[in-house]
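Notes follow the structure.
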Amino acid sequence: MVLPEVLRAAAPVVSSAKTGANTGAQKTAPVRRPVAKPDHKQPRAALSRFVHRTANPPRSLWRSLVLPAIIVAAGVLVAGAAQADKRAALIIGNSSYQNVVKLDNPFNDASAIAEMFRKANFDSVELKLDLGVIEFKRALRDFYNTTRDADVAVVYYAGHGIEVGGVNYMVPVDAKLRSDYDAEDEAVALERIFRSIEATRRLRLVILDACRDNPFARTMQRQIASRAVTHGLAKVEPMGTDTLVAYAAKAGSTAEDGAGRNSPFTQALVNNLTTPGLDIRIALGRVRDEVLKRTNNRQEPFVYGSLGGATVSLVPEPERKPVASAADARGDYELAERVGTVSAWDSFLAVHGTGFYAELAKQQRSKLAAGAAKPEASVVAALDRSTPPSRLPEEAMSPDRLAWDKLQDSTDPAAIRAFIKKYPTSPLAVVAQTRLEIIERAIADRKREEADRARFEREAARQRQEEEKRAKAAVEAEKKAAAEAEARAQREAARQREDEERRAKLSAAEREKADREAARRRDEEEKRAKAAAEADAKAAEAEKKAAAEAEAKAQREAALRIEQERARAKPLDGAEVVRSAQIELRRLGCYEGDDNGVLNDATRRALQAYRLSTGHGRGDIGVTAALVEDLQQQRPIKNCLAALEPAKPKRDAETERPAREKKPEVATRREKPEPKREARPAPPKREASRAQATAARPAPARGGGGAVMHGIGF
């Protein structure tokens, strides 16, 4: 209802002006009346009284007073209606992480939130995707410049977030975070986001969809033992007033990405956050309820901070047009009728489109549009230079009228004051005084605006300087941090090179030691192989020699067996039997004397030793062929002679064996073959006598009749 208000304010002036114009048309000269003292407190009433008193008001009155009043009033009302809160939003979505697994939803979530704010007609909506640490900080610095004169500021972040030592960090896509100390350089602290919106006047809102299961927390090394690194975000208490921080999940817990295009938290924000006229606290409460329902109570969003008692909404409630009553319609109709222009009726019909008075207004407008309007019937026609109203001849006009016609378009206060001073009693002095006041107010307003503009420019310059200082300090800090990080990286690289060189030296020393050990082992293996080869050669030679000796022995044994067989086939005489017994007793180890065929003491002792060794006890024993055959069946008896006289030193039978009968032992690495039982061959020189004894001895009878023994008694 902007134009009806203007019409209501301008109606007295228009009505008075029309009356004065009709009166002045019937007179040829103005009626001079005493000029009343202007009422500065009520200029409109004074102007109305002046117009009623003036017989022929000048045409400049319409341009200088009526039209400016209408335009100024309309401008003030329109400006007041157009004034609204400035709202700005910064949306950041980090999905394509370079050093950990990429995220799918932050890109979609950030795009959906940005579209939501655009549909809500935010004055500034900035969407930033996949920001590195430098771009992240630059975006916050630019957003600070945007929100310095804003009423509402919102920062939304979707991506990885991490808490290190009680401080919450947003993780850029190029972060490595090998240790907890790197978070200060490679990540963006939540406090930095708060600083970017601290100049906002009415509402500061930070929304963090960053409570995901963070892979950096599992791989990050702890440089400070007391500094904890967790997967979720820590709770926060905003230091500024009128500030809210919304987490996708409670402090210390993680949020779900969801199976759809957007996370449950983002979908709930899109559904509730920008409801027109809805308080932000109620909207976030609805977001919480919806997320709990979508996740089966596994995820609960949480809000930190506080606001005042007034309703604060991101989107204002649409203005409701008041329903005009019949009395309002009648009053507006009368005002439009008093103005009597097509635009006045258009303004009336714009507000009152239906009803009784609307039909009357349409008829009045049709009449004005169809007929030729008189110049004095319309304020607009009176102001149109292309169709000026009829004027009186200059000679019929008074001097004050002529002077005022020259000043009617002037904006010089001095000239208007001079006119008032020259013509103080002229009716036009009131008009001049009113115009002077308007001009002075305009000048004062202009000066005030200029002063305000200068003050604003100074403040803006100061803020720019401070911002430049902060930006310069931030750049210096970033450079310093980058230099420190570079120096730290160089130190780390130098340390790694030293470690690698040390490890290389150790590895070379170990390889050299291993080579020496391998060479030593090869030498030992070669020596062992050579010794084994030599031993094998010696063993082979010994085996060969032993084989030759064994073969010779076998030949001798065969010859001996043949001789024995021949001896058995011949009858034995007494001496030959004794000699055969002596030979066998010597073989058994019981006889140490000569094989002379004489039954002497040595032979008897040998027989007693044999008897005791075989368990028969002492007693006489005859030397017979059966005894000789029995002796041939026995194995050598160990310590046979020791059975006779235990106190007598034991004599080795081998020492008394002729040297010619001793056989060399074969030294070999292999196991010695077990000596075979063999009959000792008779000396060659006694072969004839032994053969005779064998021939003389009859062969023993074998079979069922029993053996016939022939012996020699002594």
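Every number in this text was worked out from the coordinates using simple rules, so none of it is lab data. Just so it is clear, the structure is predicted and the values come from calculations on it, not from any experiment. With ideal geometry, Cβ positions are generated from the backbone for all residues, glycine too; neighbour counts draw on all protein chains shown.
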Can you tell me the order of 416-425, 622-631 when each peptide is scored by its average per-residue count of other Cβ atoms within 10 angstrom, highest first?
622-631, 416-425
Residues with amide H under 5 Å of residue 164's amide H, sequence separation 5 or more or different chain, H placed in the peptide plane at 1.01 Å from N; which?
169
Treat the count of other C-beta atoms within 10 Å as a stand-in for reagent exposure and order 216, 302, 122 from fewest to most.
302, 122, 216
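Net charge near residue 200, counting Lys/Arg +1 and Asp/Glu -1 over other residues with Cβ under 10 Å of its Cβ?
In short, +2.
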With charges set only on the Cβ (+1 for Lys and Arg, -1 for Asp and Glu), what does the dipole of the range 86-306 come to about its Cα centre, in debye to the nearest 20?
260
Sorted by Cβ density within 10 Å, fewest first, the residues 328, 182
328, 182
How much of the DSSP beta bridge set in the range 86-306 is antiparallel, as a percent to the nearest 5?
35
Which of the residue pairs 102/176; 128/469; 137/176; 235/480 have a Cα-Cα distance greater than 23 Å in the structure shown?
128/469; 235/480
With a 10 Å Cβ neighbour count serving as the proxy for reagent exposure, in which order, fewest first, do 333, 610 appear?
333, 610
Kirkwood hydrodynamic radius (Cα pairs, Å) of the range 86-306?
17.2
Long-range amide H partners of residue 155, meaning residues 5 or more apart or on another chain whose placed amide H is closer than 5 Å, are 90, 205, 206, 207
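Let me check against my output: what whole-number percent is the relative contact order of the range 86-306, with C-alpha pairs under 8 Å and at least 6 apart?
Numbers: 491 pairs, mean separation 44.7, N = 221.
About 20 percent, as a whole number.
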Would the range 492-636 count as rounded, prolate or oblate if I go by the C-alpha gyration tensor, calling it rounded below 1.5 in a/c and otherwise prolate when a/b exceeds b/c, oblate otherwise?
prolate
